[in-house]
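The values are calculated or read from the model by the stated rules, or taken from the named source; none is laboratory data. Just so we're clear, the structure is a prediction, and the values are computed from it rather than from any experiment. We place every Cβ from the backbone using ideal geometry, glycine too, and count neighbours over all the protein chains shown.
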């Protein structure tokens, strides 16, 4: 073996090492919230299914790049903004109010900015936020909260909903005692009947209902202000790696598709990843659920965000926010184009539960046999009665509010029996009004079941 | 040595009181501790923030470790409250300890070199200054105050409305400055010769 032959492997090794030294590593750090259902398509689902890695660019200037993707879980949007400020996170996923704080806080700095690049999901009328009372409370409407103690996580989307709901009812902040409580503390206080009412964001009200501790008396949909979540990215990162920002939105789109394809399988897995019960998740992610998964940025969203910013300015004196500078459709349009999808079509579409859920079937989630659907409430009640007689365990049952089209747990709905059959309602006052007009009778779930069994 | 010992003892006592306040207020013992790569994070902020003003502003809030209570009743756990140790803030607290120690040593009976009025004024300024700086140096977080460590969490915990507390957040820097100025003025007054008595 001559000296040249000996040198070949050594030189090859050195070349490989040199190339590795030269290869750029792009750090992609994302802040998400595993206890906020509306963020899942840009958070936990993308993380667990490794959808971002699937869409990251690998050609052109990214040919020799290595990616270092990391995820950090937070209980609210506030700390995500702080970590983005310190450049520990490049992307943040959060709800409407924290998003606005994010944009405004960055614009208040001399040199740093974020961009709002995509949505994750929405509810057109504002469902997801709600006011809950202890299940045995004799309070059935927001009007009955006068002089009562109401808690809410201040600064959250639910806080904005509560202020708007109270204002719409004609209450000033002097008419009720507002307390600041975190979701977990509020939920515990509702269970212990230590507070008259608690307002919270998704999925806390449904969690309380599912666990049998709370009952909704006011749904965010009554404010008429859309409830939405979205993705922000540091501007310096997006400018340097625009294809990565686009890849992130492609992952968000695919996460939505994955949930829509098989919601039962999706909620089963999401329960394992987040600890939130699958029956609660189903009320958000199933067909007719509270959440419409859609990354597009609609003009209605910009109006809603501007409205929310006005609320925050009034209450907290947060800095101004230039929406034109902050919101960009550049990346979401590029993502749709790469995926061969029509952005215009998605942007123009709008799901209104009152219309779109009108003819959806009631559902029963049998612990062993899975989910079965029933076209009428009478068939649904008959099936529940039948299952009960066999001693079967039912995980949950689902019906729809006649007023808003929202999906509800059967056990928390108000049933009205008229000569034409049953109707179901979220709020007792709505059920009472309908019963009065239709000469019907208002009853709870168990009483409705008793009419079938008798 | 006494002076330095007092300053360090004050700083330790300060964080111990914050921790105890959280434990007593929320009735939970801490159940988690997170240690952060402070030096690495400082370097990252330095390299990625173009403006000097922004850089210093962000760096001052960078924390070294966090101790708090995680509620596991829902999901994978939610941090209810925590105490953050941010080196920049710790330096501020040590400086507060230095100024309070200096004031204490100057205002002790056998060290009094100024008039009674001046002494009373210096004592008042020390108390006010110490309170202001102590309040504005708080680095506690509470999930209902947007889960970010801020001085106004202390006010919110004492019963001030959260909206009002958050509204007051931007004036923290001025509360700090006024506090330090009062402490320095107190030292100046206490150390000056009592011309009226001499």
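Odds and ends about this structure:
- Search result, residues across the stretch A:29-68 that are surrounded by fewer than 24 Cβ atoms within 10 Å (Cβ to Cβ), away from chain B (no Cβ under 12 Å) and touching a helix residue (DSSP H, G or I) at 6+ places or on another chain (Cβ under 6 Å): A:48, A:51, A:55, A:56, A:57
- Count of the stretch A:336-354 residues which are part of a loop (DSSP other than H, G, I, E, B), in contact (Cβ under 8 Å) with a residue 12 or more places away in the chain and over 22 Å from the mean Cα position of the chain (by Cα): 1
- The lone exception for residue A:233 - which of (1) part of a helix (DSSP H, G or I); (2) buried (at least 24 other Cβ atoms within 10 Å of the Cβ) it fails: (1)
- Out of A:187, A:199, sole residue that is part of a strand (DSSP E or B) and either in contact with a strand residue (DSSP E or B) (Cβ under 8 Å, 6 or more places away or on another chain) or touching a residue at least 40 places away in the same chain (Cβ under 8 Å) (or both): A:199
- The number of residues in the stretch A:72-90 that are more than 7 Å from chain B (Cβ to nearest Cβ) and out of contact with any helix residue (DSSP H, G or I) (no Cβ under 9 Å at 6 or more places or on another chain) comes to 1.
- For residue A:396, the test of being modelled with pLDDT of 95 or more, surrounded by 15 or more Cβ atoms within 10 Å (Cβ to Cβ), more than 21 Å from residue A:361 (Cβ to Cβ) and not assigned by TED's automatic domain parsing to the domain that holds residue A:136 is failed.
- Residue match in the stretch A:105-128 (condition: surrounded by fewer than 24 Cβ atoms within 10 Å (Cβ to Cβ), within 11 Å of chain B (Cβ to nearest Cβ) and either under 27 Å from residue A:292 (Cα atoms) or without any contact (Cβ under 8 Å) to a residue 12 or more places away in the chain (or both)): yes
- Test: residue in the stretch B:27-44 that is surrounded by 13 or more Cβ atoms within 10 Å (Cβ to Cβ), touching a strand residue (DSSP E or B) at 6+ places or on another chain (Cβ under 6 Å) and closer than 18 Å to residue B:133 by Cβ: no
- Criterion applied to B:38, B:46 was being in contact (Cβ under 8 Å) with a residue 24 or more places away in the chain, in contact with a helix residue (DSSP H, G or I) (Cβ under 7 Å, 6 or more places away or on another chain) and either farther than 19 Å from residue B:95 by Cα or within 11 Å of chain A (Cβ to nearest Cβ) (or both), and the one residue passing it is B:38.
- Restricting attention to the stretch A:188-206 and to residues that are surrounded by fewer than 24 Cβ atoms within 10 Å (Cβ to Cβ) and within 22 Å of residue A:283 (Cα to Cα), the residue that is nearest to the other protein chains (Cβ to nearest Cβ) turns out to be A:188.
- Among the residues of the stretch A:158-181, those identified as touching a strand residue (DSSP E or B) at 6+ places or on another chain (Cβ under 6 Å), touching a residue at least 40 places away in the same chain (Cβ under 8 Å) and closer than 23 Å to residue B:157 by Cα are A:158, A:159.
- Verdict on residue A:93 being at pLDDT 95 or above, away from chain B (no Cβ under 14 Å), in contact with a helix residue (DSSP H, G or I) (Cβ under 6 Å, 6 or more places away or on another chain) and within 22 Å of residue A:311 (Cα to Cα): yes
- Scanning the stretch A:286-300 for residues that are surrounded by 15 or more Cβ atoms within 10 Å (Cβ to Cβ) and under 30 Å from residue A:210 (Cα atoms) yields A:286, A:288, A:289, A:290, A:291, A:292, A:293, A:294, A:295.
- Top-ranked residue in the stretch B:142-170 [being over 18 Å from residue A:312 (Cβ atoms), more than 8 Å from chain A (Cβ to nearest Cβ) and at pLDDT 70 or above; ranked as surrounded by the most Cβ atoms within 10 Å (Cβ to Cβ)]: B:153
- Of residues in the stretch A:313-322 being facing chain B (nearest Cβ under 10 Å) and surrounded by 15 or more Cβ atoms within 10 Å (Cβ to Cβ), the one modelled with the highest pLDDT: A:319
- Inside the stretch A:139-171, residues that are touching a helix residue (DSSP H, G or I) at 6+ places or on another chain (Cβ under 8 Å), in a loop (DSSP other than H, G, I, E, B) and more than 9 Å from every other protein chain (Cβ to nearest Cβ) make up a count of 6.
- In the stretch A:172-184, of all residues being more than 10 Å from chain B (Cβ to nearest Cβ) and part of a helix (DSSP H, G or I), the one that is surrounded by the fewest Cβ atoms within 10 Å (Cβ to Cβ) corresponds to A:174.
Conditions tested, residue by residue: (1) under 17 Å from the mean Cα position of the chain (by Cα); (2) surrounded by fewer than 24 Cβ atoms within 10 Å (Cβ to Cβ); (3) at negative phi.
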residue	(1), (2), (3)
A:239	no, yes, yes
A:258	yes, yes, yes
A:271	yes, yes, yes
A:279	yes, yes, yes
A:284	yes, no, yes
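- If the condition is being surrounded by 13 or more Cβ atoms within 10 Å (Cβ to Cβ) and within 23 Å of the chain's Cα centre (by Cα), then the stretch B:46-55 contributes B:54, B:55.
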